[in-house]
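Every read-out reported here was derived from the displayed coordinates using simple, explicitly stated rules and does not represent laboratory data. Note that the coordinates shown come from a computational prediction; the quantities given were computed from them, not determined experimentally. Positions of Cβ are backbone-derived with ideal geometry, glycine not excepted, and every protein chain shown enters the neighbour counts.
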Amino acid sequence: MRNRSAPPCVVTPVVAYPDVAAAVAWLGTAFGFRVRLKIGHHRAQMWFGSACLIVGEHGKEKQWATRSSVMLRVPDVDALCSRALDQGARVIHAPQTHVYGERQATLEDFAGHIWTLTQTIEDVDPAAWGGEAVDL
């Protein structure tokens, strides 16, 4: 029998870095993440708005830890992109507005992780650009 009082499912990405403390500092300064919880020196949970991200350590013994890609929905792509660039992020795709109504930029952080910043500029019907809306 299913527990009806269980909270809804939530996906929390884990992004691995060789130095958790350096990653926590960089993510806070570059993107505005806030620390929620630290677990020793090997893991931290961070808030971005109302979403969470786990920062974990990787090394030779943690073969599962590879480059990752995370998308952040933000109120101002250009401002946050500029902030991250000031902290040493590398531009993969400069901010641009797409036909589907999103303004996006893609950056690489100091450990090689890919961050796409996205901002809704206009509510565009998916049929207008070849997409398909699905009712769930």
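The table that follows gives values for the structure above.
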read-out	value
Calculated FRET value between residue 12 and residue 42, using beta carbons and R₀ = 22 Å, to 0.05	0.85
Two-site FRET efficiency, residue 54 against residue 121, from Cβ-Cβ distance with R₀ of 41 Å, rounded to 0.05	0.85
Under-5 Å amide H pairs with residue 17, H placed in peptide plane, nonlocal only	56, 57, 58
Long-range HN-HN contacts of residue 88 with modeled amide H, under 5 Å	none
Order of 36, 83 under a 10 Å beta carbon neighbour criterion, fewest first	36, 83
Relative pair counts by distance (%), Cα atoms of the range 10-136, 5 Å bins	2, 11, 18, 21, 18, 13, 9, 6, 3, 0
At most 13 other Cβ within 10 Å, DSSP loop - GluC sites (Glu not before Pro), the range 63-136	122, 132
Debye, to nearest 20: dipole size of the range 78-136, +1 on Lys, Arg Cβ, -1 on Asp, Glu Cβ	340
Computed E for residue 35/residue 90 - FRET, C-beta separation, R0 25 angstrom, nearest 0.05	0.50
